[in-house]
Amino acid sequence: MSRVRSRFPIRSTISKNFRQDKPFLSLSKNPAQDPFLNLGAEAVTRGVGGMTTHWTCATPRLNPYKELPQLVRDPAANEQLWKKLYDEAEHIIGTSTTQFDESIRHNLVLRNLQKLYEGENRVFRPLPLACHRLPDPDYVEWHATDRILEPLFTDPRLSPLFTLLTNHRCTRVNIDPSIPSPNSHTVRCAEVKCLLPEIEGRDANDSTFYVHANAYVIACGAVGTPQILANSQRTIEPKQRNADPKDRIIETPLTPNLGRYITEQPMTFCQVVLDASLINSVDENPWNLPWWAAKVDAHKERFPEDPIHIPFRDPEPQVTTPFTEDHPWHTQIHRDAFSYGAVAETIDTRLIVDFRFFGYTEPRELNQVIFQDSYDDAYGMPQPTFKFQMSDDDRQRARRMMDDMCSMALKLGGYLPGSEPQFMTPGLALHLAGTVRAGLDEKETVADTYCKVWNFDNLYVADELFPSSKLASTGNGVIPTGFGANPTLTSICYAIRSANQIVENVTAALAAKMN
């Protein structure tokens, strides 16, 4: 008996209720997302700080020419304030530019680029990194949230003051409805849900509870923070209740600029195999560095058959040429552990250098992340939908950035097959910003420059960490400007400024009650 294979085998498995106007929703698919307006590689970390998952540990300062936001209106005062904040932030995170000074590859890349661009008004220097080299000089310890929060777990005076709830979700903040003024709001409590009550020892029927505080800080990342703020306004009756489900978005009249003016970093990437002339120069110790000769000689003695005289554990290069008016993009010339930069086992990674260039986009109101009223994400929160387009200026600038990367890369070697120059998927830089932008103009921002939400007396949005109060999270949503650099250090600056004001305000309020 012959068998005829169906041309449409999937039809036999689809419910009779299936219709093209009812798209699949499993695995948190978002039917409302236009693929041409999406940030396809954007991702969210569910942890204490995005640094827990993947971070280059690069901590550059933003360039005052274009990237640096205004905290106060006076330009001179703004510059001084940022300097003070950056100094403190670098101390907290442990920024250094010297931890790779005794790397052969680092010096090979850095010094050759300095020589090749001599006289062209181009600066090359070590990439500022949050790390320190261990007593065994083959290794560094990369700094992250654990370093900042360590005293909360090791200092018996502090640990009773801090509670970390794992496997919990902040669902919303409840806004006091008894205050009739449209320009004055107070958060009564935060609604929290335990996602794994059995594991956490809670009653499954009583997994939602409420936290009361003097001040509330939503610090859940560039997507998670506006998501909670939007969900907090979900009870407000939408104007288009009968609209198509894809068009039902959560309206946020209490925070009208929520999710607007978002910025993203166009990103270019390539890998090169270092030119033979550079590798051959290793034996010559071209800059007469004593430690260099000792390393090369020790490697040659131990591994006489190795044709490459760079030690196997020689630290990788960590080089940058900073964002400038003529070259408005951030650069990282290094070796990193991103999956898309992985090198085949048959290739000696000592010969490979990564080029990652990060551009900026101008803040524009039409670039938004909105939250769906009809669809939820995997955690039961409103599904985010991106509406993002680069302007013509953004595209031209990205093209110039690509040209610059290619020109620079070819000065050091040839492209590694499979890692030729390419624009990466939008969102891959994971430096989405502006979703809860802070600034001086209430008409274009969500919060003031202390990150206090406009017209709320006890609600703040935040990035990275709050050193004074030892709270931590992640995101760059408060940064209102377009920027190319890694924003971690700048986010810490906002956190310092916010934390100091929160402590001051809460202390004053408690003192007033005592009197």
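Computed values, structure above
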{"read-out": "Condition check for Pro135: at pLDDT 95 or above, touching a Pro at 6+ places or on another chain (Cβ under 7 Å) and not acidic (Asp, Glu)", "value": "no"}
{"read-out": "In the range 128-139, the residues that are within 22 Å of Ile492 (Cα to Cα) and either touching a residue at least 60 places away in the same chain (Cβ under 8 Å) or exposed (fewer than 13 other Cβ atoms within 10 Å of the Cβ) (or both)", "value": "Pro128, Leu129, Ala130, Cys131"}
{"read-out": "Flag for Ile179 being surrounded by 17 or more Cβ atoms within 10 Å (Cβ to Cβ), of a type outside the set (Ser, Thr, Tyr) and at pLDDT below 90", "value": "no"}
{"read-out": "Residue identified as in contact with a Pro (Cβ under 9 Å, 6 or more places away or on another chain), part of a helix (DSSP H, G or I), under 26 Å from Ala495 (Cα atoms) and modelled with pLDDT of 75 or more among Asn78, Asn63", "value": "Asn78"}
{"read-out": "Failed condition for Gly201, given (1) in contact with a Lys or Arg (Cβ under 6 Å, 6 or more places away or on another chain); (2) at positive phi", "value": "(1)"}
{"read-out": "Answer from Gln396, Gln383, Gln422 - the residue that is in contact with a Phe, Trp or Tyr (Cβ under 9 Å, 6 or more places away or on another chain) and surrounded by fewer than 19 Cβ atoms within 10 Å (Cβ to Cβ)", "value": "Gln422"}
{"read-out": "Selected residue (criterion: surrounded by the most Cβ atoms within 10 Å (Cβ to Cβ)) from residues of the range 90-127 that are part of a loop (DSSP other than H, G, I, E, B) and of a type in the set (S, T, N, Q)", "value": "Ser103"}
{"read-out": "Sole residue being of a type in the set (Asp, Glu) and within 25 Å of Val436 (Cα to Cα), chosen from Glu325, Glu362, Glu345", "value": "Glu362"}
{"read-out": "All strands (runs of 3 or more DSSP E) inside the range 148-258 with 1 or more residues being free of Cβ contacts under 8 Å to residues at least 24 places away in the same chain", "value": "187-194, 208-211"}
{"read-out": "Residue list for the range 128-147, restricted to those being more than 22 Å from the chain's Cα centre (by Cα) and either assigned to a loop (DSSP other than H, G, I, E, B) or hydroxyl-bearing (Ser, Thr, Tyr) (or both)", "value": "Leu134, Pro135, Asp136, Pro137, Asp138, Tyr139"}
{"read-out": "Matching residues in the range 262-299 - criterion: being assigned to a loop (DSSP other than H, G, I, E, B), of a type outside the set (Val, Ile, Thr) and farther than 19 Å from His334 by Cα", "value": "Glu264, Asn285, Pro286, Trp287, Asn288, Leu289"}
{"read-out": "Residue in the range 327-348 that is in contact (Cβ under 8 Å) with a residue 24 or more places away in the chain, closer than 17 Å to Pro126 by Cβ, of a type in the set (S, T, N, Q) and in contact with a strand residue (DSSP E or B) (Cβ under 7 Å, 6 or more places away or on another chain) present", "value": "yes"}
{"read-out": "Filter result (among the aliphatic types (A, V, I, L, M) and modelled with pLDDT under 95) within the range 334-369", "value": "Ala337, Ala342, Val343, Ala344, Ile347"}
{"read-out": "Filtered residues of the range 199-225 (kept if surrounded by fewer than 15 Cβ atoms within 10 Å (Cβ to Cβ) and modelled with pLDDT of 90 or more)", "value": "Thr208, Phe209, Tyr210, Val211, His212, Ala213, Asn214"}
{"read-out": "Qualifying residue in the range 144-162 (condition: more than 30 Å from Leu196 (Cα to Cα) and modelled with pLDDT under 95)", "value": "no"}
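Results for (1) closer than 24 Å to Pro417 by Cα; (2) part of a loop (DSSP other than H, G, I, E, B), shown as yes or no for each residue.
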| residue | (1), (2) |
| --- | --- |
| Glu301 | no, no |
| Pro307 | yes, yes |
| Pro311 | no, yes |
| Val319 | yes, no |
| Asp326 | no, yes |
| Thr331 | yes, no |
| Val343 | yes, yes |
| Arg350 | yes, no |
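The values are calculated or read from the model by the stated rules, or taken from the named source; none is laboratory data. The structure presented is a predicted model; accordingly, all values stated were derived computationally and were not measured. Heads up, the Cβs are rebuilt from the backbone with ideal geometry, glycines too, and the neighbour counts pull from every protein chain shown.
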